[in-house]
Amino acid sequence: MKRLNLWTAALLLMLCAGMAHAELTIEITKGSDQAIPIAIVPMEGGDELPEEVSRIVGNDLERSGRFEPLSRDALISRPSSSDEVYYQDWQQLDSDYLVVGKVENQDGQYRIQYELLDVNGEDRMLGEVVTSSRDQLRDSAHYISDQIFEEITGIRGAFSTSIAYVTANGVDDNIQYTLNIADSDGHNNQEILSSDEPIMSPAWSPDGRKLAYVSFETGRPSIYVQNLSTGQRLRLTSFEGINGAPAWSPDGRKLAMSLSKDGQPEIYVMDLASRDLTRLTHSDAIDTEPEWAPDGRSLIFTSDRSGNPQIYRYNLGDDQAQRITFTGSYNSRGRFNPDGDAIFMVTRDDDGFHIARQDLDTDRMTILTDSNWDESPSVAPNGTMIIFATQEGTRGVLGAVSDDGSASFRLPSPQGDVREPAWSPFLD
């Protein structure tokens, strides 16, 4: 069990070192050369809002890596409707698209009217009125961003989703751990659970209503499921040894996990209705970090059965596991894209640990990040971005990178480290 103890200790050390609780902020670190230029005019009446909708929309589109909003200083006019637009002005600015709108306060409810315009085609692509309360302005802005993103790219926007992550406050033996959820841009942080023992591996249910996670609050790791609306918690496992890495099946009826109750860590699947456990793997190695394929017919997991951590695929139909990563001596924490034709993972080279993508048809691997201590990737539900934990100086932060590595941003906390990110599904 020496290998297991060293691996687990390393994970806990990365999680625990100097972490603190605070709302996250966005820092764009790299923009794509192929980003689409778009002009977002501040909405008429928007200055009176507690949250400026136009600025939130611009920030959303910019951090997607697909768009490059024009600087406000470059805007030559500020139309509030398509009737006021002179397309030739915006064509001179080389803007492909233009967003205009206005906001009216109607007895405490805000009426937000926006339009998306094709500058070169001189055409109105999208127009809508959104009604919002004061407390829902950020949600309304994310909704507008989603509509604009999908109209232009044909890909569903994921700005109205959430992220879960773990923080901690304190040092040495006096640390308070916190499980948090926030908007995808790090705002509207909510504390879900606080404990003086480590919390790890949050995983969203497919309907976005629950989180599974690992908590050490009883003195050893146990897997819990928590209802986010009621706060009700259910402990699913508390076997001796490892209880870790919960992963929901696509239909939400099962939970894959890594348990060492029979010796070395193996992959098990629990039927959540009956609590029955089915053991999938049988090896003398460490098998952990399961992830379901989008079609539910197979799982991938990390195993060191070849001598070093690599990713294997277990087909439920024939009960066989096959190695699928061969580039490099270390690959772990595999996560599928929504189409199931690629995985994102942590890979190691001479410079350190990075986030990489592997195409499952060609087996080609592409390293996406140039930071050197990356871990815990989680994929946006539309597959366009991957969030992960990394180091910035002496502290941990969350980073995000586009699926092709062309754009990236950071989500640091001003008060300390952040770890264990998990991107939610679409929240309908």
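The values are calculated or read from the model by the stated rules, or taken from the named source; none is laboratory data. Every value quoted in this text rests on a predicted model; they were computed, and no experiment measured them. Virtual Cβ from ideal backbone geometry, glycine too; neighbours counted across all protein chains shown. In case anyone asks, the SASA skips ligands and DNA or RNA and just uses the protein heavy atoms, side chains included. Shrake-Rupley method; radii C 1.70, N 1.55, O 1.52, S 1.80 Å.
Give the average over all directions of the projected area of the C-alpha convex hull of the range 217-292, one decimal, in nm².
Numbers: hull surface 21.6 nm².
Mean projected area of the Cα convex hull: 5.4 nm².
Overall, the ratio between the Cα radius of gyration of the range 337-428 and 2.2 N^0.38 Å, rounded to two decimals, is 1.07. Ranked by the mean number of other Cβ atoms within 10 Å per residue, highest first, peptides 380-393, 131-144 order as 380-393, 131-144. Each residue of the range 406-411 is assigned a 3J(HN,Hα), and the resulting list reads 7, 9, 7, 8, 10, 10 Hz, derived from the Karplus form 6.51 cos²θ - 1.76 cosθ + 1.60 (θ = phi - 60°), x at Gly and Pro. The value given for the chain is a Kirkwood hydrodynamic radius of 22.7 Å, derived from the mean inverse Cα-Cα separation. In plain terms, if you count all Cα to Cα distances in the range 246-352 and split them into 10 Å steps from zero, the share in each step is 15, 49, 30, 6, 0 percent. Ranking of Asp96, Asp318 by solvent-accessible surface, largest first: Asp318, Asp96 (1.4 Å probe, protein heavy atoms only, all chains present). Amide H to amide H distances under 5 Å link Asp196 with Tyr177, where only residues 5 or more positions off or on other chains count and H is placed in the peptide plane. For the range 243-248, the Karplus equation 6.51 cos²θ - 1.76 cosθ + 1.60, evaluated at θ = phi - 60°, returns couplings of 10, x, 6, x, 8, 6 Hz by residue, with Gly and Pro reported as x. Here the accessible area is traced with a 1.4 Å probe on the protein chains. For the range 210-367, carbon and sulfur cover 40 percent of it.
Could you sort 355-366, 26-37, 301-312 so that the peptide with the highest average Cβ count within 10 Å comes first and the rest follow in order?
By packing density, highest mean first, the sequence is 301-312, 355-366, 26-37.
Seen against the Cα atoms of the chain and their longest principal axis, helix 53-63 is set at about 50 degrees. Here the chain is assigned +1 on the Cβ of each Lys and Arg and -1 on the Cβ of each Asp and Glu. Its dipole about the Cα centre then comes out at about 1720 debye.
Sorted into 5 angstrom bins from 0, the C-alpha pair distances of the range 271-428 split as 2, 9, 18, 21, 20, 15, 9, 5, 2, 0 percent. Its residue count N fixes a reference of 2.2 N^0.38 Å for the range 156-234, and the Cα radius of gyration divided by that reference is 1.13.
A dipole drawn for the chain from +1 and -1 charges on Cβ atoms has a positive end, and of Ser71, Thr178, Thr161 the residue lying farthest that way is Thr178. Computed from backbone phi with θ = phi - 60° and the Karplus coefficients 6.51, -1.76 and 1.60, the 3J(HN,Hα) list for the range 421-428 is x, 9, 7, 6, x, 4, 9, 7 Hz; x is used for glycine and proline.
Got a sec? Charge dipole of the range 218-358, +1 on Cβ for Lys and Arg, -1 for Asp and Glu; which of Ala342, Ala256, Tyr314 is way out at the positive end? With unit charges placed on the Cβ atoms, the residue in question is Ala256. Averaging 1/r over each pair of different alpha-carbon atoms in the range 51-140 and inverting the result gives 14.0 Å, the Kirkwood hydrodynamic radius.
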